[in-house]
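S.K.: This is the structure I want to talk about, given as structure tokens.
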Amino acid sequence: MSDARNDALLDDALGRLPRGSGFIYRHYHLPDKERAIRFEQLASAARASGQLVILSGDENQARRWGAGGIYGAPDRIGKADRLNDPDGFLRLAAAHDECEIAAANQIAADAVLVSPVFPTASHPGAAALGPDRFRHLVKMAKMPVIALGGMNQKTAKRLGWQRWAAIDGLVLPTDS
């Protein structure tokens, strides 16, 4: 996932991600024009490395920018109409509790990012779910779950979870 904190290192990080990974572009800190320009730069790098590009934004913007899907709160990304929109456009929901998992289930999101599993630099002092609460939310989800929040290779291994996303974990040493 992109963020103002990891922007300078994203080009390199995208080149190191495994083929078939996904890249969620956020960059909320940029004005609209600069955000679109940086999206194109990073999306090109991600696609060149065989990664799917997802935009944190609305569906119309994501389609205009050539993203493969959208990411956000379930009420913002909306329910897919698979019969009339079978192009593989993905909807990735964000969830932090039971209500948001239920909302992601209701809209039939393609996947849900559950966070924060562990303490994060982006929300210092905020309560983390921890492994037990994370697994409780996983059991409620009717779609694949991606762990987020304090995730890197080491915490993913400790959690025993293969699907994970990172912000700071993309640019920090893998054994941190």
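Each value in this text was obtained by applying a stated rule to the coordinates, not by laboratory testing. What you see is a predicted model, and the numbers here were worked out from it, not measured in a lab. Here the Cβ is made from the backbone with ideal geometry for all residues, glycine too, and neighbour counts use every protein chain on show.
S.K.: For every other residue with a beta carbon closer than 14 angstrom to the beta carbon of A36, add +1 if it is Lys or Arg and -1 if Asp or Glu, then tell me the sum.
M.R.: Details: positive: R26, K33, R35, R38, R63, R64; negative: D32, E34, E40, D58.
Net charge in that neighbourhood comes out at +2.
S.K.: For the chain, modelled as a GNM with alpha-carbon contacts under 10 angstrom, which of D132, D58, D97 fluctuates the most?
M.R.: In this elastic network of the chain, the residue with the biggest mean-square fluctuation among D132, D58, D97 is D132.
S.K.: For D75 and R133 in the same chain, what is the full-extension length gain: residue separation times 0.36 nm, less their Cα-Cα distance, in nm? Could you put the intermediate results ahead of the total?
M.R.: Values: separation 58, 0.36 × 58 = 20.88 nm, distance 2.28 nm.
Between D75 and R133, full extension yields 18.6 nm more.
S.K.: Related question: Points 7 angstrom from Cα along the Cβ direction at S122 and H29: gap in nanometres?
M.R.: Placing both labels 7 Å beyond Cα along the Cβ direction yields 1.2 nm.
S.K.: Exactly which chymotrypsin sites (Phe, Trp or Tyr not before Pro) in the range 1-99 are in a DSSP loop and have at most 11 other Cβ atoms within 10 Å?
M.R.: Numbers: sites: F23, Y25, Y28, F39, W65, Y71, F89; in loops: Y28, F89.
Those that pass, being in a loop and sparsely packed, are Y28.
S.K.: Check L90: other-chain or 5+ apart residues with amide H under 5 Å from its amide H, H built from backbone geometry?
M.R.: Hits under the 5 Å cutoff: G69, I70.
S.K.: When only Cα pairs under 8 Å and 6 or more residues apart are kept, what is the percent relative contact order across the range 31-176?
M.R.: 14 percent
S.K.: Figure the gain on full extension for R64 and D7 (residue separation times 0.36 nm, minus the Cα-Cα span) and round it to one decimal in nm.
M.R.: Working: separation 57, 0.36 × 57 = 20.52 nm, distance 2.25 nm.
Stretched fully, the R64-D7 segment lengthens by 18.3 nm.
S.K.: For Q162 and D87 in the same chain, what is the full-extension length gain: residue separation times 0.36 nm, less their Cα-Cα distance, in nm?
M.R.: On the way: separation 75, 0.36 × 75 = 27.00 nm, distance 2.63 nm.
Computed gain between Q162 and D87 is 24.4 nm.
S.K.: Step through the residues of the range 128-140 one at a time and calculate ³J(HN,Hα) from phi using the Karplus curve (6.51 cos²θ - 1.76 cosθ + 1.60, θ = phi - 60°), rounding each to whole Hz and writing x for Gly and Pro.
M.R.: For the range 128-140, the Karplus-derived couplings read 9, 5, x, x, 5, 5, 4, 5, 4, 5, 4, 4, 7 Hz, x marking Gly and Pro.
S.K.: Assuming R0 = 25 Å, can you tell me the calculated FRET efficiency for the pair R16 and I37, based on Cβ-Cβ distance, to the nearest 0.05? Provide the component values of the computation, followed by the final result.
M.R.: On the way: r = 23 Å, r/R0 = 0.93.
The computed FRET efficiency comes out at 0.60.
S.K.: Using modelled backbone amide H atoms (1.01 Å from N, in-plane), which distant-in-sequence or interchain residues come within less than 5 Å of L113's amide H?
M.R.: It is A93, A94, A95, I146, by chain and number.
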